[in-house]
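Please treat every number below as a calculation from the coordinates, not as lab data. Just so it is clear, the model here is predicted, and its values are computed rather than measured. Positions of Cβ are backbone-derived with ideal geometry, glycine not excepted, and every protein chain shown enters the neighbour counts.
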Amino acid sequence: MKKYETLFLFPSDLAETAAQKVFEEIKKRITEDFSGTVVFSEWWGKRPLAYRIGSFNTGFYALLQYSFPPEKLKEFDEELRINAKVLRFLSLIAPEGEPLSYAKLVAEEHAFSDEKSAGKRRAKKRPKRIENLKSPQSSLLSDASGNSEND
Amino acid sequence: MTSTTPKTSMAKVNKKCPFCANGEKSVDYKNIGILKQYGITFFSKIKPRKYTGICLSHQKRMATAIKQARFMALVPFVK
């Protein structure tokens, strides 16, 4: 028995409960039919995809760590591949140590997000532009007002 | 025309590998924050080692992690 880790991606045309049911079925298959044991499982929930897969822009993610007989892994992966209710999956040998929880992963992702850095860039540029624009405009306006008064 | 440009402009910046400093062996493809911080550019291209200062063994692991994250649609191929 070796410890493996699989990240599942379920299509978003399933309801969340239906997708969770598929996930539970997969877990059952591991424990009952392949005599493996589930070590860690976490439902990530709905997430936007980084790019479009078929007609899907969002999907449900779920992480599973389990011990499994290595000689039967090919058979299990083939089953997952054929399964129409699993959009994508990635099976790897589980990394050492406890897996990070999804809340922590999201927190680390937000700590370094593109929007934040883009916002910083904009925030730096904006006041400079306004200052540059304001000074000639105000001088022009004062000139114009002065001229009108003279006329 | 060989030595007109100053050498310092293209010199490699000596940074320490952040993974070696933390004592981490592997790079987790699920940790998108770390991939974004060290591994990929704004346009989701793999950053060369020259700019990030990651050591060779971790850079190779980082590259595979990015490719795995791309497959699972956690990180885009192209932005």
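Remarks
- Length available on full extension from A:K2 to A:F40: 0.36 nm per residue minus the Cα-Cα distance, which gives 12.3 nm.
- Using a Förster distance of 41 Å, the FRET efficiency for B:E24-A:A84 (Cβ separation, nearest 0.05): 0.65
- Calculated FRET value between A:D33 and A:I53, using beta carbons and R₀ = 25 Å, to 0.05: 0.30
- Amide proton proximity set for A:Y4, modelled H, under 5 Å, gap of 5+: A:Y66, A:S67, A:F68, A:A94
- Computed from phi, the 3J(HN,Hα) profile of the stretch B:60-65 under the Karplus parametrisation 6.51, -1.76, 1.60 (θ = phi - 60°) reads 5, 5, 4, 4, 5, 4 Hz, with x in place of Gly and Pro.
- Peptide A:24-34 - average C-beta neighbours from other chains (10 Å radius): 0
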